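What follows is calculated from the coordinates using simple rules that are stated; it is not laboratory data. Owing to the predicted nature of the structure, the values given are computational and were not obtained by experimental measurement. Every residue, glycine among them, receives a Cβ derived from its backbone with ideal geometry; neighbour counts consider all protein chains shown.
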Amino acid sequence: MAGQGSIVLVKIGGSTLGAQDTAIADVAALRREGRQPIVVHGGGAMISDWMGRLGVKSEFVDGLRVTDEVSVEVVAAVLAGAVNKRLVQELSAVGALASGISGADGGLLEGRVDRPELGRVAASLKVDPTPLLRLLDDGCVPVVAPLALDGAEGRNLLNVNADTAAGAIAAAVGADWLVFLTDVDGVLDASGGLLRRVPPERVEQLIGDGVIDGGMIPKVRACLAAAEAGVRGRIVNGTRPNALAACLDGAETGTAIG
Ligand SMILES: Nc1ncnc2c1ncn2[C@@H]1O[C@H](COP(=O)(O)OP(=O)(O)OP(=O)(O)O)[C@@H](O)[C@H]1O
Ligand SMILES: [Mg+2]
C-alpha cells in the first residue's frame, strides 16, 4: 500500500534466531529489490530462558504464554530489548536501514484481554498501521516486537503472541505475503509428513485432533485470518538457507494455508 513495492510480512520465530539461516540477508535483499519487508519477531525460547534465570516458571495454554504482572516485565525487556535490538543490529550489519518498534508504540497494536486465565495476554488485536507505513516510506525495515497496549482503562502493557500479531498486521497493511519462518518444514501430519497445503476448513479439525499443537496453533490461525484479507500465507523452515527468498520466488516449499 504505502510507497511502491509490495509489502512482505516476515515472522521470524525465536526458535530460528541464531540458527545458521539467511533470513536477515534475505530480508535486506527484498528491500534492495524494491519490496517492502516488515519483520515481526518472536522470542519464546529466550523469554523462557530469562524467566528461568529469574526463577519464574513458564506456563502455556494452547501455545500461548500465561503472563502475570511480573512476567510481562520480563517479556517486554526480552522482546522489545534484547531480541528486537539484535535483529536491528543484524539487519544494519548487512546494509538495511532497520528500525525497531513494539506494538505498544505509536498506537500500533491495541489489545483486548479475552481470556483472563492467560493474564496480561491480548487475544484480539486492533491495528493502526500508520507508524509502520511511515517507517516504510522512510526506507526503513520495521522490526516489530509483539507487545500491545490494553484498550481498556489503564492501558496496561500486554503480551501478544508473535504469530497473532504478524497475521493481524499483515491484514491491516494489505500485505502481499505473510511468511512464517520457523524451525520445522511446515505443518506436519500425524505421521510427520509435510502437508503442502492446509485448506481453511481443515485447520480447526487438525487442531481438534491434536495434530496441530503448541506453537503451530497460533501460526495456522493467524495465516487463516490474514488469508481472509487476501494475504498469501506460508509456513516454511527458516533454518534452511534461502527459505524466504525461495518462497517468494514461487518455490513450493513449506505449507500454504488457505
Ligand atoms: N502439526 C505440526 N507440524 C509442525 N510443527 C508442529 C505441529 N504441531 C506442533 N508443532 C510445533 O510447533 C513448533 C513451532 O512453533 P514455535 O512456537 O515453537 O516456534 P516459532 O513460533 O517459530 O518461534 P517463537 O514462538 O519463538 O516465535 C514446532 O517446532 C513443533 O514443535
Ligand atoms: Mg511460536
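What is the order of 177, 50, fewest Cβ neighbours within 10 Å to most? Write out the running numbers ahead of the final one.
Working: 177 21, 50 18.
Placing the least packed residue first, the sequence is 50, 177.
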Throw me the Rg/Rh for the range 69-112, computed over C-alpha atoms with Kirkwood Rh, two decimals.
-> 1.06
Positive minus negative residues near residue 167 (Lys, Arg vs Asp, Glu; Cβ under 15 Å) | +3
Give me the number: length gained by fully extending residue 124 to residue 85, i.e. 0.36 nm times residue separation minus the C-alpha to C-alpha distance, one decimal in nm.
-> 11.4 nm
When each pair of different Cα atoms in the range 1-137 is counted once in the 1/r mean, what is the Kirkwood radius in angstroms, to one decimal?
-> 16.3
A student asked for the Cα radius of gyration and Dmax of the range 146-258 in angstrom ought to give 14.6, 47
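When the helices in the chain are scored as -39500 (n - 2.57) per DSSP H run of 4 or longer and the sum is shared across all residues, what 222 nm value do you end up with, to the nearest 500 deg cm²/dmol?
Numbers: 9 runs with 86 residues, N = 258.
So the helix-based figure for the chain works out to -9500 deg cm²/dmol.
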Give the Debye-formula value of log10 I(q)/I(0) at each listed q (0.12 Å⁻¹), with one equal scatterer per alpha carbon of the chain, two decimals each.
-> -0.64
